[in-house]
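In what follows, a single structure is set out as structure tokens and then discussed.
The values are calculated or read from the model by the stated rules, or taken from the named source; none is laboratory data. Fair warning: this is a prediction, and the values are worked out from it, not measured in the lab. Glycine also receives a Cβ, built like all others from the backbone with ideal geometry; neighbour counts cover every protein chain displayed. Heads up: the accessible areas ignore ligands, DNA and RNA and are worked out on the full protein's heavy atoms, side chains in. Shrake-Rupley method; radii C 1.70, N 1.55, O 1.52, S 1.80 Å.
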Amino acid sequence: MKRQLHFNLFINSRGHHEASWRHPDASPLALSDIRYYQDLATRAEAGLFDSIFLADQLAARDDVERAPRVWLEPITALGALAMTTSRIGLIATASTTYTEPYNLARQFASLDFISSGRAGWNIVTSWSAPAAANYGDDAQVSHAERYARAEEFMQVAKGLWDSWADDAIVDDRESGIYARPDRIRPINHKGDFYKVAGPLNMPRGPQGRPVLVQAGSSDTGRRFAARHAEAVFTAHMEKATAQAFYKDLKGLVAELGRPADQIHILPGLSAVIGSTEAEAQRMAQDLNDLADPEVGRKRLSSRFGGHDFSHLPLDTPLKPEDFPDPSTVQAARSRTELIVGLVRNEGLTLRQLLSKLAGARGHFTFAGTPEQVADLIEDWFTNGAADGFNIMPPLLPPMLQTFVDEVIPILQKRGLFRTEYEGETLREHYGLKRPEGMRP
Ligand SMILES: Cc1cc2nc3c(=O)[nH]c(=O)nc-3n(C[C@H](O)[C@H](O)[C@H](O)COP(=O)(O)O)c2cc1C
């Protein structure tokens with residue numbers, strides 16, 4: 001069979017465009033209403049997406065007056081969505097910096113049981129600076145320490161998921177034996193950051209471990225992804241950087257002896273789809289006209305660890321010196337490099353930069369017909385830039401629905417996307433092996 005595309009739906013606000021929440025065609029439901037997420041998951045499942053994904057930040061935002069910074073805690077929300085969907089994978093974000101591995105291992109094992117094997121974990125180290133103040137720290141944990149902690153966290157979490165063998169439970173009423181104690185083992189972990197005895201207090205989930213997803217793009221982040229990730233989210237504003245990222249990461253994976261098809265690279269794609277190119281451009285312009293540059297300015301500041309951009313005029317070309325050196329930023333380093341690179345190469349004004357970032361915060365944006373979107377997807381997929389996409393509709397639900405109704409059928413006709421779900425679990429959708437677990 002021809003190599004197949006994978007699609008994940010990234011649910012964010014009423015769409016990924018900064019101004020989507022104000023648009024008359026956006027969903028009328030509140031962002032705290034579970035029915036909003038259920039509706040989107042149902043539409044994505046009808047489109048045979050591999051998965052949906054909920055992002056998470058561990059602090060309230062200071063621009064809530066003019067931007068809807070409201071969402072549900074991901075693992076809780078996905079527990080509810082597991083009950084109203086049956087096939088689509090459910091990927092929740094959780095932080096290795098501000099969670100204990102024992103808590104997290106239980107939560108994901110539980111979600112995996114509740115969803116019958118559809119759980120995925122987006123492993124984040126939490127780039128946002130204000131989170132530290134909510135977890136007892138005066139200062140943000142440095143980029144290097146966050147990844148060092150994450151590495152040890154993975155060792156513990158994997159150990160806990162494997163601390164029950166697949167055949168540990170006997171549940172034999174006749175003999176009175178419920179479980180085999182020799183098949184449930186402590187992990188006795190003692191490291192720099194964690195001391196965890198184990199075993200977990202529940203059996204191994206249907207997938208063995210949840211599907212592991214990651215989105216680090218810095219050098220350290222990529223090495224972490226190469227070791228652990230089975231799917232990788234990544235942001236690019238042009239095909240060339242996506243190709244370079246793809247080549248680099250697959251190379252790191254090969255160096256570790258992991259098969260290349262056991263890690264799927266999914267760049268973000270935020271497409272406005274119209275029946276003609278002109279209509280799509282008009283729809284994109286309508287969204288841009290609703291965007292508030294002051295919201296963008298605050299968001300930029302948070303990307304650069306709270307750096308003050310308030311003195312910069314909106315309509316004068318920016319210089320790289322207007323930004324702090326990305327290597328000194330403790331937040332999401334790769335995105336800051338992308339932004340400074342854009343300023344250097346394109347000589348944008350602040351207003352132009354904010355308008356570019358308003359579309360999808362530094363992910364690839366596009367406006368065109370369904371045919372053009374399908375061509376772009378096929379081009380990236382066949383030319384070493386992607387194994388599939390993190391679909392980020394600018395406006396929800398209408399621009400998700402257009403993708404499902406008009407782009408997916410074209411890709412199916414080209415033999416690039418499934419016409420029905422073939423497996424039951426998220427691992428099966430992504431063609432991932434089930435981790436072996438405890439040996440006899
Ligand atoms: C599509 C996508 C989704 C992300 N979601 C989250 C998230 O929900 N929470 C979070 O703290 N970071 C999130 N990140 C940030 C990454 O986890 C990571 O910190 C960032 O890409 C920078 O990586 P680096 O520090 O290795 O450069 C996301 C990144 C991408 C590309």
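Tabulated data for the structure shown
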| read-out | value |
| --- | --- |
| Residue check for Arg35: surrounded by fewer than 18 Cβ atoms within 10 Å (Cβ to Cβ), within 21 Å of Val295 (Cα to Cα) and of a type in the set (D, E, K, R) | no |
| Residues (open to solvent by 60 Å² or more (accessible area, probe 1.4 Å) and in contact with a helix residue (DSSP H, G or I) (Cβ under 7 Å, 6 or more places away or on another chain)) located in the range 63-86 | Arg66, Thr84 |
| Flag if Asp137 is within 16 Å of the ligand (Cβ to nearest atom), over 22 Å from the mean Cα position of the chain (by Cα) and without any contact (Cβ under 8 Å) to a residue 40 or more places away in the chain | yes |
| Residue within the range 258-266 that is of a type in the set (Lys, Arg), outside any loop (DSSP other than H, G, I, E, B), in contact (Cβ under 8 Å) with a residue 12 or more places away in the chain and closer than 23 Å to Arg222 by Cβ present | no |
| Top-ranked residue of the range 145-167 - restricted to ones that are open to solvent by 20 Å² or more (accessible area, probe 1.4 Å) and part of a loop (DSSP other than H, G, I, E, B), ranked as farthest from the ligand (Cβ to nearest atom) | Asp167 |
| Filtered residues of the range 317-331 (kept if within 19 Å of Gln352 (Cα to Cα) and either among the basic types (Lys, Arg) or open to solvent by 70 Å² or more (accessible area, probe 1.4 Å) (or both)) | Pro317, Lys319, Glu321 |
| Hits in the range 111-135 (condition: more than 21 Å from Leu58 (Cβ to Cβ), open to solvent by less than 40 Å² (accessible area, probe 1.4 Å) and not small (Gly, Ala, Ser)) | Asp112, Arg118 |
| Identity of the residue in the range 382-400, assigned to a loop (DSSP other than H, G, I, E, B) and small (Gly, Ala, Ser), that ends up surrounded by the fewest Cβ atoms within 10 Å (Cβ to Cβ) | Gly384 |
| Complete set of residues in the range 406-427 that are touching a residue at least 24 places away in the same chain (Cβ under 8 Å) and either open to solvent by 50 Å² or more (accessible area, probe 1.4 Å) or within 16 Å of Asp375 (Cα to Cα) (or both) | Glu406, Val407, Ile408, Ile410, Leu411, Arg414, Gly415, Leu416, Phe417, Thr419, Glu420, Glu424 |
| Extreme residue, nearest to the ligand (Cβ to nearest atom), among residues of the range 233-263 that are exposed (fewer than 15 other Cβ atoms within 10 Å of the Cβ) and under 22 Å from Gly359 (Cα atoms) | Glu238 |
| In the range 332-347, the residues that are basic (Lys, Arg) and surrounded by fewer than 20 Cβ atoms within 10 Å (Cβ to Cβ) | Arg344 |
| Members of the range 94-110 that are away from the ligand (no atom under 16 Å from the Cβ), closer than 26 Å to Gly431 by Cβ and open to solvent by less than 10 Å² (accessible area, probe 1.4 Å) | Ala105, Ala109 |
| Any hit, the range 40-47, residues being open to solvent by 10 Å² or more (accessible area, probe 1.4 Å), within 13 Å of the ligand (Cβ to nearest atom) and either hydroxyl-bearing (Ser, Thr, Tyr) or more than 18 Å from the chain's Cα centre (by Cα) (or both) | no |
| Every residue from the range 185-215 that is away from the ligand (no atom under 16 Å from the Cβ), open to solvent by 40 Å² or more (accessible area, probe 1.4 Å) and among the hydrophobic types (A, V, I, L, M, F, W, C) | Ile187, Phe193, Ala197 |
| Residue, farthest from Pro130 (Cα to Cα), within the range 61-80, restricted to residues that are within 16 Å of the ligand (Cβ to nearest atom) and without any contact (Cβ under 8 Å) to a residue 24 or more places away in the chain | Thr76 |
| Those residues of the range 280-307 which are open to solvent by 60 Å² or more (accessible area, probe 1.4 Å) and either of a type in the set (D, E, K, R) or in contact (Cβ under 8 Å) with a residue 60 or more places away in the chain (or both), in sequence order | Gln281, Arg282, Asp286, Asp289, Glu294, Lys298 |
| Residue that is farthest from Ser327 (Cα to Cα), among those in the range 216-232 that are in contact with a strand residue (DSSP E or B) (Cβ under 8 Å, 6 or more places away or on another chain), of a type outside the set (A, V, I, L, M) and open to solvent by less than 10 Å² (accessible area, probe 1.4 Å) | Phe224 |
